[in-house]
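Colleague: Below are the structure tokens for one structure; questions will follow.
The values are calculated or read from the model by the stated rules, or taken from the named source; none is laboratory data. All values reported here derive from a predicted model rather than from experimental measurement. Methodologically, a virtual Cβ is constructed for each residue, glycine included, from the backbone with ideal geometry; neighbour enumeration extends over all protein chains shown. These accessible areas exclude ligands, DNA and RNA; they are computed on the full protein's heavy atoms, side chains included. Shrake-Rupley method; radii C 1.70, N 1.55, O 1.52, S 1.80 Å.
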Amino acid sequence: MSVMNFIRNSPMKLPSRVLNLRNSSFFGLRHWFHHPFPCEQKLFCKTNAFLPNFSYNSQFHAYPSPFLPFRRVINNTKKPNWSTSLDLSQSGSVSRPYVSTDVRVASRVRDLSTSVETRVKDQNLDKFYLQNGINVNPFVVERIEKDENVLGGEVPVAEDVNNVKNIGEALEGRKSGIKVESDIEKEAWNLLRGAVVTYCGSPVGTVAANDPGDKQPLNYDQVFIRDFVPSALAFLLKGEGEIVKNFLLHTLQLQSWEKTVDCYSPGQGLMPASFKVRTVPLDGNKFEEVLDPDFGESAIGRVAPVDSGLWWIILLRAYGKITGDCTLQERVDVQTGIKLILNLCLADGFDMFPSLLVTDGSCMIDRRMGIHGHPLEIQALFYAALRSSLEMLTANESSKNLIRAINNRLSALSFHIREYYWVDMKKINEIYRYKTEEYSMDATNKFNIYPEQIPSWLMDWIPEEGGYLIGNLQPAHMDFRFFTLGNLWSIVSSLGTPKQNEAILNLIEAKWGDIVGHMPLKILYPAVENEEWRIITGSDPKNTSLWLASRCAD
């Protein structure tokens, strides 16, 4: 299972290396109305048992097998058909070096419109999520291909009896219509189910980390909204939607919690970063289960989460698309929850940009990393959440102004990111010729960027046929670091143009060793070090380059 599986109809050609996750470990997202559950400051449910013990002896398995450059196979003989599923084969069951997998994508870039208006009016966001799930093959039959970069044109492969046996079992399973899971998949599901948290006897999420050897788990033993999203997608693709539905409804109950940080209340509509189930003893050897959310008042750094509400909306849309159950998103309380999140994000302020202004440490990189301002990750999630909301909001008199604001913001945001965040060789040469201190409506250097900001590593690093969206853009500052999540979500949500999406994947392919290496994906490239690390992170030992690499591998 992989969250990348639902990048199915993105308007670009997909290099097979990005979708072949051989080295990946299993990953691990006060109302005025009447709630279906008691809407109080704390949710209680009487039970006679403590919370279950979630300790599980987990191990990390790495597969550092080398790879070879591969050739993409693009089928351009058919027009795009958004109602069909992309058959992406999983390679976790076969461990053979020097093997490539063909991924065929039926799409034509020239047939895809890049206009925001066309995408906004599209009432079937199949580019986000798959209808009725993804047709995922549990096994893949791999073959050896000739490659011009290999001496002699052929690659030696050592036969493995177990691999041959697994392939045979997979083929037999396909013929009989029975899905056969590999040992890795079975272990991954055992670990994931061992991390499930229950509330009132029902599953409501998974813990962020499940390490029985950690005597001080801090808040990693809680259910994080952003961290549960990959697990939720796995459950949905498995056909187990109950835990996702419970998660969506219970987190909705925690929205706009009456917590304060130094007598300051968070904005209405704010979603918690995480929540935990506490067991409170009562008289007569009875106990109560309490949902206790964290809006930042207990978090490290005391930073409220900006991305939690965006992840919640995206997951709600994914639940409806994959399960086909749209009754959840049509509920009055859910509709109101969506509106509260959007009103909080679309509120007017001092910011002049269509991108969303956030503070440092308020998103997936939940520690100081120099991403205050307008980080790409938040903008990509913001764009995806806006598009998802446009699909789910019920059109009526009370929502027409909000729908109009969403359409306007989508158009402005997509133009802003595509035009000003994009960097390739052509754009770098333009920045080198920028004039500074320009004052006019027609200024070329609108953000007063000084050419000296271009780092020395960039010119030799970026490929001729590649490009990417920079990590951040502010007045007189461009963060040229490559942030993986922001760029991949830009592809998923069609925030980038088809040409830009393809260039991003070309860059990942060309710089595979820098961005991936021996782990699934790195958070960013390059990692800050030495004096730059001390200034940006505040000498945070958890933000060293080695720690970030190990975190991505966990």
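Colleague: Looking at the range 410-417, is at least one residue within 22 Å of Ile314 (Cα to Cα) and surrounded by fewer than 13 Cβ atoms within 10 Å (Cβ to Cβ)? Even if it seems obvious, please write down each step before you answer.
Modeller: To start, the set of residues in the range 410-417 that are within 22 Å of Ile314 (Cα to Cα) comprises 410-417.
Then keep just the ones that are surrounded by fewer than 13 Cβ atoms within 10 Å (Cβ to Cβ); that gives 415.
Yes, the range 410-417 contains a residue that is within 22 Å of Ile314 (Cα to Cα) and surrounded by fewer than 13 Cβ atoms within 10 Å (Cβ to Cβ).
Colleague: Which of the helices (runs of 4 or more DSSP H) found entirely inside the range 439-554 contain at least 2 residues meeting this: closer than 25 Å to Ile314 by Cβ? Give the steps one after another, and end with the answer.
Modeller: Working: elements: 458-461, 484-492, 498-510, 512-515, 530-537, 545-553.
In the range 439-554, the matching helices (runs of 4 or more DSSP H) lie at 484-492, 498-510, 545-553.
Colleague: Check Leu356 against each of (1) more than 19 Å from Ile536 (Cβ to Cβ); (2) outside the structural domain of Lys542 (by the TED database) and name the one condition it does not meet.
Modeller: Every listed condition holds for Leu356 apart from (2).
Colleague: Across the range 218-233, which residue is nearest to the chain's Cα centre (by Cα) among those that are open to solvent by 40 Å² or more (accessible area, probe 1.4 Å) and not acidic (Asp, Glu)?
Modeller: Kept after step one, since they are open to solvent by 40 Å² or more (accessible area, probe 1.4 Å), are these residues of the range 218-233: 218, 220-221, 227.
Next cut, not acidic (Asp, Glu) only: 218, 220.
Numbers: Leu218: 23, Tyr220: 19 Å.
Ranking the qualifying residues of the range 218-233, first place goes to Tyr220.
Colleague: Okay, next question. Take the residues in the range 418-463 that are surrounded by 10 or more Cβ atoms within 10 Å (Cβ to Cβ) and hydroxyl-bearing (Ser, Thr, Tyr); name whichever of them is farthest from Ile491 (Cα to Cα).
Modeller: By that ranking, first place goes to Thr436.
Colleague: Would you check if Lys511 is buried (at least 16 other Cβ atoms within 10 Å of the Cβ), modelled with pLDDT of 90 or more, assigned by the TED database to the domain that holds Met364 and not small (Gly, Ala, Ser)? If you could, list the steps in order and put the result at the bottom.
Modeller: Numbers: buried (at least 16 other Cβ atoms within 10 Å of the Cβ): yes; modelled with pLDDT of 90 or more: yes; assigned by the TED database to the domain that holds Met364: yes; not small (Gly, Ala, Ser): yes.
Yes: the conditions hold for Lys511.
Colleague: Given the criteria buried (at least 18 other Cβ atoms within 10 Å of the Cβ), within 19 Å of the chain's Cα centre (by Cα) and over 25 Å from Asp360 (Cβ atoms), does Leu237 qualify? Write out each step before concluding.
Modeller: Working: buried (at least 18 other Cβ atoms within 10 Å of the Cβ): yes; within 19 Å of the chain's Cα centre (by Cα): yes; over 25 Å from Asp360 (Cβ atoms): yes.
It is true that Leu237 is buried (at least 18 other Cβ atoms within 10 Å of the Cβ), within 19 Å of the chain's Cα centre (by Cα) and over 25 Å from Asp360 (Cβ atoms).
Colleague: Counting residues that are farther than 24 Å from Ser308 by Cβ, which helices (runs of 4 or more DSSP H) fully inside the range 176-259 reach at least 3?
Modeller: Values: elements: 183-194, 225-237, 242-253.
By residue number, 183-194.
Colleague: Which one of the conditions (1) aliphatic (A, V, I, L, M); (2) out of contact with any helix residue (DSSP H, G or I) (no Cβ under 9 Å at 6 or more places or on another chain); (3) surrounded by 15 or more Cβ atoms within 10 Å (Cβ to Cβ) does Ile535 fail to meet, given that it meets all the rest?
Modeller: (3)
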